[in-house]
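A short reminder: the numbers here are calculations on the coordinates, not readings from a lab. Because the structure is predicted, anything quoted here is derived from the model rather than measured. Neighbour counts run over all protein chains shown; Cβ positions are idealised from the backbone, glycine included.
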């Protein structure tokens, strides 16, 4: 319909569809959709799904960078985002340690 603006559910659904498809092209398109979203429209689910999509195509460091980006926009990581971050860290002990350290800081702070 004319004049209808997409909301966070619409954007997140598109990103999630790309995550399920799992191709490099679909995730590149999902990232373009994500980047086009107003930051205020992004929520925990949006960040989590985008992180999972990036991990699926091997863009682990890009996925991890979304933790900081989310926090800069006032979306502080929750358990789902941290789970996606641990998937992004993969077998890299240093990265896993970084994510675990951040989780501890959140619990303490």
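Considering only residues that are surrounded by fewer than 18 Cβ atoms within 10 Å (Cβ to Cβ) and farther than 20 Å from residue 38 by Cα, which ones fall in region 51-81? Passing the criteria: 58, 61, 78, 79, 80. Considering region 32-46 alone, what residues qualify as being more than 17 Å from residue 85 (Cβ to Cβ) and part of a helix (DSSP H, G or I)? Within region 32-46, 32, 33, 35, 36, 39, 40, 41 meet the criteria.
Give just the number: which of (1) more than 12 Å from the chain's Cα centre (by Cα); (2) more than 30 Å from residue 109 (Cβ to Cβ); (3) surrounded by 16 or more Cβ atoms within 10 Å (Cβ to Cβ); (4) touching a residue at least 24 places away in the same chain (Cβ under 8 Å) does residue 22 not satisfy? The single condition residue 22 does not satisfy is (3). Out of all the residues in region 3-15, is one or more more than 22 Å from residue 78 (Cα to Cα) and assigned to a helix (DSSP H, G or I)? Scanning region 3-15, I find no residue that is more than 22 Å from residue 78 (Cα to Cα) and assigned to a helix (DSSP H, G or I), so the answer is no. Say we look at region 37-47 and pick out the residues that are touching a residue at least 24 places away in the same chain (Cβ under 8 Å) and closer than 14 Å to residue 6 by Cβ; which of these is surrounded by the fewest Cβ atoms within 10 Å (Cβ to Cβ)? Within region 37-47, the match that is surrounded by the fewest Cβ atoms within 10 Å (Cβ to Cβ) is 40.
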